[in-house]
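Asks: Can you read through this structure? Questions will come right after.
The values are calculated or read from the model by the stated rules, or taken from the named source; none is laboratory data. Keep in mind that this is a model prediction, so the values were computed, not measured. Note that each Cβ is placed from the backbone with ideal geometry, even for glycine, and that neighbours are counted across all protein chains shown. Heads up: the accessible areas ignore ligands, DNA and RNA and are worked out on the full protein's heavy atoms, side chains in. Shrake-Rupley method; radii C 1.70, N 1.55, O 1.52, S 1.80 Å.
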Amino acid sequence: MTFCSREDWNEAIKDIKSNKGLIIVAQVDANIVGMATLARGRLEKNKHTAHLGIGILKEFGGIGIGTAMINYLMEWARKQEGLEKIALTVFSTNEPAINLYRKFGFVMEGINEKQYKIEGKYVDDIIMGRFLT
Ligand SMILES: CC(C)(COP(=O)(O)OP(=O)(O)OC[C@H]1O[C@@H](n2cnc3c(N)ncnc32)[C@H](O)[C@@H]1OP(=O)(O)O)[C@@H](O)C(=O)NCCC(=O)NCCS
């Protein structure tokens, strides 16, 4: 998990919301256990797209929270005027996430080969997309 300061967090929320994006959290009891975002393109030439991000705390993985959150995001996305496509990138090694995205009809559009080097090993970055119409 990545931590950031309250100021950074507030800035990130403000930034996404001011640009017609969406941030949702998953809560179990009093704890936030997951977050998902849709950040809309900010230029005239890419405002028909939004970038998806999601993260669930490890101990709450595999019980359907990711599915519920993406379901919500996709339903919300379909109602947004002018939004045509959801895009994302994912490490080639991240099987759970790739499976989750495939489940929602995302397809692989390209690969940035050896885009990352994690603990000395190269990892490809996979570009995925899903048209809303
Ligand atoms: C990827 C992630 C969001 C999935 O969320 P989740 O709440 O565990 O997902 P769900 O329980 O709803 O499962 C959804 C699908 O993901 C896949 N999946 C989940 N856990 C899996 C695992 N351990 N191995 C393989 N596939 C898995 C399955 O296809 C599953 O669908 P199914 O239950 O119908 O078979 C979560 O594992 C996570 O936050 N990982 C760390 C952060 C991350 O990788 N974010 C994405 C960066 S691009």
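Asks: Can you tell which of Thr89, Thr93 is assigned to a strand (DSSP E or B) and surrounded by 13 or more Cβ atoms within 10 Å (Cβ to Cβ)?
Replies: Thr89
Asks: Follow-up question, since we're still on this one. Return only the number of the condition from (1) closer than 27 Å to Lys20 by Cα; (2) modelled with pLDDT of 95 or more that Arg42 does not satisfy.
Replies: (2)
Asks: If you go through region 108-122 one residue at a time, do you hit one that is open to solvent by less than 70 Å² (accessible area, probe 1.4 Å) and within 11 Å of the ligand (Cβ to nearest atom)?
Replies: The answer is no; no qualifying residue exists.
Asks: Then there's this: Mind listing whichever residues of region 68-99 are over 17 Å from Leu132 (Cα atoms) and either of a type outside the set (Val, Ile, Thr) or within 7 Å of the ligand (Cβ to nearest atom) (or both)?
Replies: The answer is Ala68, Thr89, Val90, Phe91, Ser92, Asn94, Glu95, Pro96, Ala97, Asn99.
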